[in-house]
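Input: a single structure, listed below in structure tokens.
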Amino acid sequence: MQKTVKSSINPEAFDPLVSEGLIRQADLVKAFQAALAGTADLESLLLDKYRVPKAELGKALSVYFGCPYVPFDERTVADPTLLKDLSYDYLKKYHWIPFKRYDQVIDVLIDNPHDLEKGHDIRRAFPGLTIRFSVSLQRDIERYLLLAGGENDMGSISDTLGELRLEARSERDTDEEGNSIDENNSAIVRLANQIIVEAYRKEASDIHIEPYSDRKETAVRFRVDGTCSTYMRVPAAYRRALVSRMKIMANLDIAERRKPQDGKIRFKLGDDRLIELRVATLPTAGGNEDVALRILSAKDPLPLEAMEFSPRDLTALLDLAEKPYGLILCVGPTGSGKTTTLHAILRHLNTDERKIWTAEDPIEITQEGLRQVQVHPRIGFTFASAMRSFLRADPDVIMIGEMRDKETADVAIEASLTGHLVLSTLHTNSAVETISRLLDMGCDSFNFADSMLCVIAKRLCKRLCALCKQTYHPTRQEYDELALAYGNHLWEKLEIPYDDAFLLSRNQGCEACHQTGFKGRVPLHELFCNSEDMKNMIQGRSRTAEMLRAAMDAGMTTLMQDGIRKVVAGVTTFKQVRGVAMK
């Protein structure tokens with residue numbers, strides 16, 4: 001099929017560039033004449049010779065074609081399953097790429113959405129599906145194709161999957177479990193590496209490999225911004241080979257499939273960056289094993305000022321962190337940012353005048369100036385034993401990764417009463433519940449009441465995409481729901497009336513956020529500070545509800561209240577806050 005690949009875009013598309021002074025009309029005419037003569041393509045001339053900004057050129061094309069403009073983003077990769085039956089050379093020549101699929105809708109990036117011949121080709125490639133076009137620059141489409149095809153020695157995920165599918169067909173005569181397929185198969189090795197690279201590029205926090213029995217394909221899912229989604233499916237014959245490959249990378253026993261195992265992978269990216277993955281295997285139905293990998297990319301600690309505490313909570317926390325001794329706890333579920341918060345506090349404390357020891361499992365964030373220790377429970381080097389060793393090493397500040405048992409809690413409380421500032425984490429639902437949990441574990445109520453400085457409860461909820469979020473005037477019912485969840489008598493103190501100026505934000509969806517309307521996460525905090533009255537309540541083992549009322553009367557903002565404040569500020573939605581915060 002012969003087609004011209006020269007630009008057929010109407011010159012009127014670039015009128016905004018002229019009106020905004022980004023290019024002169026005479027130069028635009030020259031560029032079109034040169035493109036028609038075939039001496040150079042129009043896009044390169046506008047970008048390179050006449051220095052038109054990429055964003056402005058994309059914006060002009062978006063307005064002309066009436067569809068979104070998608071710039072290149074190295075952390076966004078085209079869906080490999082859409083590319084498996086298409087030629088990369090063909091796509092590169094005609095400047096389009098199938099990008100994402102949402103049910104029966106295919107998103108396609110193309111340089112000219114009005115090109116009828118390309119449109120016919122695309123519809124023939126995806127019969128019965130709705131095609132949704134977005135415009136992109138030719139060079140950006142080529143970069144997306146390079147990314148999908150692999151810019152390194154590992155090659156393309158779609159090519160690797162294609163190779164596996166061909167091999168799987170040839171293995172149909174083997175036994176049901178596919179025992180003849182080896183975990184050192186070159187395609188399996190490449191696929192395991194590619195999965196890790198793609199997860200990192202997509203900013204995933206976790207990778208889940210989920211094999212099924214009965215010849216069903218193995219699902220590979222990524223957790224991004226707290227939500228899991230299926231990234232790819234691997235032929236069923238390779239389920240054990242892929243799991244075994246991950247176990248080999250984590251130095252686990254591949255012959256042991258009956259019990260869970262834990263390990264770590266140190267993985268080197270193409271640009272010489274090192275990331276660490278915490279690996280857990282679990283035996284599942286049908287004699288299979290699931291693998292969960294958490295990506296622990298070594299990163300610098302955030303300052304406390306960047307943690308989005310309310311002004312009242314930030315001031316109180318900075319003041320408490322300067323105390324010479326006491327206990328600071330950060331609580332919440334797995335993945336809620338507890339370690340990140342403690343390292344932000346340590347960054348504030350990390351000066352030459354202080355000796356700081358940390359015991360962690362694993363060490364997720366590194367800081368120069370801290371003496372960080374990895375615990376090894378299998379050899380008896382637990383948090384409690386590490387804590388006792390620290391007390392003989394002249395510490396000023398000690399961080400314990402987690403209070404998992406009474407022994408660790410008792411040692412931490414004792415250290416905080418003998419001149420050391422101790423930081424640790426705990427898995428509880430709210431700040432006040434933490435007190436009841438520790439007392440139920442058997443900790444001495446008088447010692448704990450004297451040692452505790454504060455408890456920080458934390459959650460993460462989805463943040464509205466800054467590029468596409470939409471402001472709107474909510475109904476009276478939505479306003480009343482916010483007031484009720486906040487507490488009507490406390491809501492009145494905020495002095496936020498229901499009038500035309502009261503606006504909230506909601507998700508809409510764009511290419512930057514993959515049509516979800518959310519990108520990134522926003523932290524919610526609850527800071528419970530100790531006081532003389534609170535000490536008496538702890539020593540008297542008061543009920544949780546009574547301590548909560550006393551803390552709120554003293555000015556504590558609950559997780560729900562902090563979330564609602566961020567809803568009013570247009571950072572997230574009430575539905576997201578309600579999904580993670582407890583009233």
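Sorting 328-338, 537-547 by average packing, meaning the other beta carbons within 10 Å per residue, from highest down gives 328-338, 537-547. Close Lys pairs in the stretch 456-583 (alpha-carbon distance under 17 Å; sequence gap of 8 or more, or different chains): 14. Debye-formula intensities of the chain, expressed as log10 I(q)/I(0) at q = 0.07, 0.08, 0.12 Å⁻¹, are -0.57, -0.73, -1.25 (one equal scatterer per alpha-carbon, no solvent). Over all orientations, the stretch 245-334 has a Cα convex hull whose mean projected area works out to 9.9 square nanometres. For the stretch 499-583, the relative contact order comes to 33 percent (Cα pairs under 8 Å, sequence separation of at least 6).
Tell me the per residue accessible area of the chain using a 1.4 Å probe; a whole number in Å² is fine.
Numbers: 27630 Å² over 583 residues.
Here the per-residue accessible area is 47 Å².
When nucleic acids and ligands are ignored and a 1.4 Å probe is applied, H427 ends up with an accessible area of around 70 Å². Taking only the Cα atoms of the stretch 337-468, the ratio Rg/Rh comes out at 0.99, with Rh defined as the Kirkwood radius.
Which FRET efficiency, nearest 0.05, do V63 and T130 yield, Cβ-Cβ r, R0 22 Å?
Working: r = 23 Å, r/R0 = 1.04.
With R0 = 22 Å, the Cβ-Cβ based efficiency is 0.45.
Pairs of alpha-carbon atoms within less than 8 angstrom and 6+ residues apart define the contacts here; what relative contact order does the chain have, in percent? Write down the numbers at each step before the final one.
Working: 989 pairs, mean separation 49.4, N = 583.
Taking the mean separation of contacting Cα pairs over the length of the chain, I get 8 percent.
How high is the relative contact order of the stretch 315-410, in percent, with contacts defined as C-alpha pairs under 8 Å that are six or more residues apart? Computed value for the stretch 315-410: 25 percent relative contact order. Centre-to-centre, using Cα atoms only, the stretch 221-247 and the stretch 288-328 are separated by 30 Å. Share of carbon and sulfur in the accessible area of the chain stands at 49%, probe radius 1.4 Å. Note on D48: accessible area approximately 80 square angstrom, rounded to 10, probe 1.4 Å, nucleic acids and ligands left out. Using heavy atoms of the protein chains and a probe of 1.4 Å, the accessible area assigned to Y472 is about 40 Å².
So for Y50, Y212, what's the accessible-area order with a 1.4 Å probe, most first? Please list the in-between numbers first.
Details: Y50 45, Y212 95 Å².
I get Y212, Y50, largest accessible area first.
Per-residue ellipticity at 222 nm for the chain, helices alone: DSSP H runs ≥ 4 residues times -39500 (n - 2.57), over residue total, nearest 500 deg cm²/dmol?
Values: 22 runs with 217 residues, N = 583.
It comes out at -11000 deg cm²/dmol, rounded to the nearest 500.
For the pair the stretch 253-283 / the stretch 79-136, the C-alpha centres are spaced 36 Å from each other.
The values are calculated or read from the model by the stated rules, or taken from the named source; none is laboratory data. If you're wondering where the values come from, they're calculated on a predicted model, not measured in any experiment. With ideal geometry, Cβ positions are generated from the backbone for all residues, glycine too; neighbour counts draw on all protein chains shown. The protein model used for the area step is the full one, side chains on, heavy atoms only, and it has no ligands, DNA or RNA in it. Shrake-Rupley method; radii C 1.70, N 1.55, O 1.52, S 1.80 Å.
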